[in-house]
Amino acid sequence: MYVFGEGERTIVIVSGIHGDERNSVLASILLARRLRRIEKTLNGRVIIIPIANFEAFKYRRRCSMIDGLDMNRSFPGSVSGSPTQQHAWRIWERCREVDYIIDMHTCGSCIPYILAKYGKKNIMDFIEKIPVRYVVRSHGTRGQLFIEAAEREVDALILEVPQPRCGLDLRLGKIFLRKIIQTLRNLDFLEGPKRKYDHIFLDKRIDIASEVRGLFIPNKSPGDKVSMGEIIGRIRNRRIKSPIRGILLSIKPPSFVFCGEKVASIAPILGQGDINQWGSAWWDK
């Protein structure tokens, strides 16, 4: 864990809750190196936890090899629980009374997006400071760090970083370093020009699973707009169709898949009326 700066306001940037998500860890390490050089210019405190789940990271696994638990379903943790629950509790003790949390994950062959719990004005204001175009409504699954924090009035969200073919990508790491630096400027943790962004708000993600095994060949790319019933790929002679109209968040590259394996994720675009309706909920709460 790294701590930079001092002051009343604190932001925590977490990565490596899932041990196989390496590009988010890379971005956090690059950020720590940058902040070490410019720490004196910080207006507040920045805490970076680059590898939150070392036991999973060490074996390049999503979950801990010790107890098999998913840390991202274990918050706020337990001081007397299993090793993963105890570790989650220690992280939670660092995070539960801060101002902001950015929990960085990776999403495979995907577009970058923000995952947030819609419904409160403070979360909407936080989203506006993040230089990532797409925002996806969270299913609100409990046990996730950002959901548990948001329930306790902390401004918290997930930032999904691409990780094509599960590889470490220095170019992507540098891109997300710049995005986090800009976020710190927008939140007044760093001096520098602020920027506004035209976000596109999406509803909850829908995953598409293969019903057969075989070679999956996509004919769409992450970020494509798709219509209901549009073909997004094939497995043998079977066409894989989109069940909804929306944005293709992720899609597998050509690969062998098994029955039940996820091949794509799609999220519907929210209309202006939907955004206004949720906007009123933000203002009311």
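Annotations
- Only one of Lys117, Lys196 that is basic (Lys, Arg) and under 13 Å from the mean Cα position of the chain (by Cα): Lys117
- Qualifying residue in the stretch 190-212 (condition: farther than 30 Å from Asn122 by Cβ and either assigned to a strand (DSSP E or B) or without any contact (Cβ under 8 Å) to a residue 24 or more places away in the chain (or both)): yes
- For the stretch 53-76, a residue qualifies if it is over 20 Å from the mean Cα position of the chain (by Cα) and either crowded, with 21+ Cβ neighbours inside 10 Å or among the hydroxyl-bearing types (Ser, Thr, Tyr) (or both), and exactly one does: Tyr59.
- Every residue from the stretch 133-178 that is acidic (Asp, Glu) and at negative phi: Glu148, Glu151, Asp155, Glu160, Asp169
- Checking each residue in the stretch 2-49 for being on the phi > 0 side of the Ramachandran plot and under 23 Å from the mean Cα position of the chain (by Cα) picks out only Gly16.
- Considering the conditions (1) of a type outside the set (Gly, Ala, Ser); (2) assigned by TED's automatic domain parsing to the domain that holds Cys259; (3) closer than 25 Å to Ser138 by Cα, Pro164 is excluded by exactly one of them, (2).
- For the stretch 94-122, a tally of residues being surrounded by fewer than 19 Cβ atoms within 10 Å (Cβ to Cβ) and acidic (Asp, Glu) returns 2.
- Where Asn237 falls short, out of the listed (1) free of Cβ contacts under 8 Å to residues at least 24 places away in the same chain; (2) of a type in the set (S, T, N, Q); (3) under 20 Å from Leu30 (Cβ atoms): (3)
- The numbered conditions (1) under 30 Å from Phe258 (Cα atoms); (2) at pLDDT 95 or above; (3) buried (at least 20 other Cβ atoms within 10 Å of the Cβ) are all true for Ala209 except (3).
- Here Glu191, Glu151 are screened, and the one residue that is outside the structural domain of Ser24 (by TED's automatic domain parsing) and either among the charged types (D, E, K, R) or crowded, with 22+ Cβ neighbours inside 10 Å (or both) is Glu191.
- Residue count for the stretch 136-167, restricted to those that are part of a strand (DSSP E or B) and not aliphatic (A, V, I, L, M): 3
- Answer from Ser227, Ser250 - the residue that is within 28 Å of Ile127 (Cβ to Cβ), exposed (fewer than 12 other Cβ atoms within 10 Å of the Cβ) and either acidic (Asp, Glu) or modelled with pLDDT of 95 or more (or both): Ser227
The values are calculated or read from the model by the stated rules, or taken from the named source; none is laboratory data. Note that the structure is predicted; figures quoted are calculated from it, not measured. Here the Cβ is made from the backbone with ideal geometry for all residues, glycine too, and neighbour counts use every protein chain on show.
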